[in-house]
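What follows is one structure encoded as structure tokens, with my remarks underneath.
The values are calculated or read from the model by the stated rules, or taken from the named source; none is laboratory data. Only a predicted model underlies this, so the values are computations on that prediction, with no experimental measurement involved. Neighbour counts are summed over all protein chains in view; Cβ atoms, including those assigned to glycine, are modelled from backbone coordinates with ideal geometry. Each accessible area value is taken on the protein alone, full model and side chains, heavy atoms only, with ligands, DNA and RNA left out. Shrake-Rupley method; radii C 1.70, N 1.55, O 1.52, S 1.80 Å.
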Amino acid sequence: MQAVLQQSFGYDSFWGFQREVIDHTLAGGDSLVLMPTGGGKSLCYQIPSLLRPGVGIVVSPLIALMRDQVIALKENGVKAAYINSSLESYEVATIISEVRNGEIDLLYVAPERLLMEHFLELLETLQIALFAVDEAHCVSQWGHDFRPHYLGLSILSTRFPNIPRIALTATADEPTRNEILQRLDLQKANMFVAGFDRPNIRYIVMPKDSPRQQLLKFINAEHKGDSGIVYCLSRRKVEDTAHWLVSKGWNALPYHAGMDKNTRQDYQDRFLREDGIVIVATIAFGMGIDKPDVRFVAHLDLPKNLESYYQETGRAGRDGLPSNAFLTFGMDDIAMLNSFIDNSAAEEKIKQVERRKLAAIINFCELPSCRRQALMHYFGDQHPSSNCGNCDNCLTTVDTWDGLEAAQKALSCVYRTDQRFGVVYLIDVLLGVLNERIISFGHKNISTFGIGKEHSRTVWRSIFRQLTGAGYLAVDYEGHGGLRLTQKSREILRGEVKIAFRKDVKHAFTSKSKNKASPKSPKKKKAPVISGKSQHLWEELRAMRLNLANKQGIPAYMIFSDKTLDSLVDIKPRNNRELGNVFGIGANKQKKYGKDILKVIANDRL
Ligand code: ADP
Ligand code: ZN
């Protein structure tokens, strides 16, 4: 098992519970594997497929994913193939005869194909190592990636009762988990649940000031030459932003559902293949993007909930190297997302859930404490420390101010106006604005009228958001979004607690701040600290990689990963034996590319 890891993949140790899953599968057991993106799910079924007699059958929902996996496996010398609707029937016939002859260790198929009766009959004549169901959450009718054909996959347990099955997904909330177990008939399976933290992703969140400038400043400081994804809410904004980035010297391409299909495909391919492309996209972009070296994901608009945010930011740094998730948010986004919900055709019950989820992500943005801890908590996981050391709040002390008095004013204003008004109205009262509504409700005579003039409207907004986020106020979603007091409010009104509000920081990447090297600027840790000379070698190796990739028409990262580049620069192997110690270079890659690599390194030594 260890030997296969080293020989075929060039890795020297297993991650997390890969070993346990593999053992369990080799012993014939079923598994449900929940691991975050980049956690290394594929090896859990790839290695047992190589070790057990027969062919491993992998059900995968997307043609692009299958193709990428198969190319990557072949690069490692693994005998893999796929069958889907993109193939001609003679190609399918060839692959089937190879499978029959035992020449294939891993066969990827679309669920539609697998469930065809003649295909099932074919499988019954073969020796099968295992069934793997990738992206198993596609079986969930409530999820966002529902694929009706996945529902048919429970048939595998009756038709092939003695073949081990593994279902894998990165979506792990409790209901989805149970749905997978039930619908795939995996009740007896072992569950392997990994922590969902992505420690190499740094979370950076800031209020919008001039979002494009903030983005530009950020990527200029941190991501020269890197690949990244920038998400915007509208197609128009996608186009504009891509254009603008190009005018600033970035290699940016737009991507949204309104574009013509070929162009879109072309841009996606370029993003996968070339180094250093920034794709500016609506959320239509991403599903099935397996590129491991996306160094940053930026959101110029607030995602609609933390689930989307986590999934989209999760596309950064699948290779485990330091990566950034950058988000700017503003009142406009919040208003827009609220009106999307209001105007959608969904049932009121669903709308309420959506509003609650929106409130949670707003709260996340306003948070003065560790963002990773908050994310983990939201997803029902724990982070062992209250300081992760890798989010903006942990890296810099957040300026806070003692807000008890302001909080008391805000809460009593809610109380005095009978707990039914929204933020705009409440702030008007606090600031002593004499408008028609206030006069008609008689609120110019209450004790809280005009008692909040020491703070600006913006500061009051932030106060109300933070009070709501911390549970001192609740939004009445069933009514008109008015604020009301909660159980907890009493603590503040009685002055029993301390409350610290976050100052709206002037962030390093706000357009006005000139000081790039301010302590707010998170420094990127490029794996080994590279000296000038090594940097040169790194670039040479990278150029060689691109060249090899172009010759074969495959993405550069499939030749080898950035981590392998780092490892090469670190070890500077002089011969094949030393090459064997390099991360990610197994027997096949050594044979295929060893000579080229050693030559580049030898030249560099001169
Ligand atoms: P997932 O499917 O869970 O998102 P992958 O299976 O694509 O993740 O793995 C992510 C990357 O990590 C791949 O490039 C994979 O080859 C690599 N990887 C997986 N397991 C290991 C390991 N034990 N050591 C080193 N690299 C690994
Ligand atoms: Zn943190």
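Phi-derived couplings, Karplus 6.51 cos²θ - 1.76 cosθ + 1.60 at θ = phi - 60°, listed residue by residue for the stretch 248-256: 9, x, 9, 8, 10, 10, x, 7, 7 Hz, with x used for Gly and Pro.
Against the main long axis of the alpha-carbon atoms of the chain, helix 562-571 sits at an angle near 70°. When both bridge partners sit in the chain, DSSP labels roughly 10% of those beta bridges antiparallel. Taking the Cα centre of the chain as the origin and placing charges on Cβ (Lys, Arg +1; Asp, Glu -1), which of ALA170, LEU216, ALA284 is farthest toward the positive end of the dipole? About the Cα centre, the residue reaching furthest to the positive side is LEU216.
In this Cβ point-charge picture (+1 for Lys and Arg, -1 for Asp and Glu), the stretch 400-502 has a dipole of about 80 debye about its Cα centre.
Of the residues LEU300, ALA602, PHE379, the one whose Cα sits farthest toward the positive end of the charge dipole of the chain, with +1 on the Cβ of Lys and Arg and -1 on the Cβ of Asp and Glu, is ALA602.
Assuming charge only on the beta carbon of Lys and Arg (+1) and of Asp and Glu (-1), the dipole of the stretch 2-193 about its Cα centre is about 220 debye to the nearest 20. Taking amide H as placed 1.01 Å from N in the peptide plane, the amide H of GLY482 sits under 5 Å from that of ASP476, each at least 5 places away or on another chain.
Rounded to two decimals, the Cα-based Rg/Rh of the chain, with Kirkwood Rh, is 1.02. From the alpha carbon centroid of the stretch 27-78 to that of the stretch 389-411 is 46 Å. Whole-Hz Karplus values for the stretch 401-413 come out as 9, 6, x, 4, 5, 4, 5, 5, 4, 4, 5, 6, 5 Hz, taken residue by residue from phi with 6.51 cos²θ - 1.76 cosθ + 1.60 and θ = phi - 60°; glycine and proline positions read x. Look at the alpha carbon pairs under 8 Å that are at least 6 residues apart: their mean separation over the length of the stretch 400-502 gives a relative contact order of 41 percent.
For the stretch 201-395, a simple Cβ point-charge model (Lys and Arg +1, Asp and Glu -1, everything else neutral) yields a dipole of about 80 debye relative to the Cα centre. Pairs of alpha carbons in the stretch 400-502 separated by more than 19 Å make up 37% of all such pairs. The spread of Cα positions in the stretch 201-395, taken along each principal axis and listed from longest to shortest, comes to 42, 39, 32 Å.
Taking the 1.4 Å solvent-accessible surface of the chain as the whole, the part contributed by carbon and sulfur is 51%. The local environment of SER97, defined by Cβ-Cβ distances under 15 Å, has a net charge of -2 under the rule Lys, Arg +1 and Asp, Glu -1.
Compute the signed sum of charges (Lys and Arg +1, Asp and Glu -1) over the other residues within less than 9 Å, Cβ to Cβ, of SER344. Net charge around SER344: -1.
Beyond 27 Å between alpha-carbons counts as too far, so tell me which of LYS224/LYS592; LYS217/LYS498; LYS237/LYS349; LYS41/LYS261; LYS237/LYS291; LYS291/LYS592 fall in that bin. From the list (LYS224/LYS592; LYS217/LYS498; LYS237/LYS349; LYS41/LYS261; LYS237/LYS291; LYS291/LYS592), the Cα-Cα distance tops 27 Å for LYS224/LYS592; LYS217/LYS498; LYS237/LYS349; LYS41/LYS261. Note that the stretch 192-202 has calculated 3J(HN,Hα) couplings of 10, 10, 8, x, 9, 5, 10, x, 7, 9, 9 Hz, one per residue in order, obtained from phi through the Karplus relation 6.51 cos²θ - 1.76 cosθ + 1.60 (θ = phi - 60°); glycine and proline are x. Estimated from helical segments only, the mean residue ellipticity of the chain at 222 nm is -13000 deg cm²/dmol, where each DSSP H run of four or more residues counts as -39500 (n - 2.57). In plain terms, if you count all Cα to Cα distances in the stretch 128-273 and split them into 10 Å steps from zero, the share in each step is 9, 26, 23, 24, 14, 4 percent. The long axis of helix 211-222 is offset from the longest Cα principal axis of the chain by roughly 50 degrees. Taking the C-alpha atoms only, the angle from helix 532-552 to the longest principal axis of the chain is near 60 degrees.
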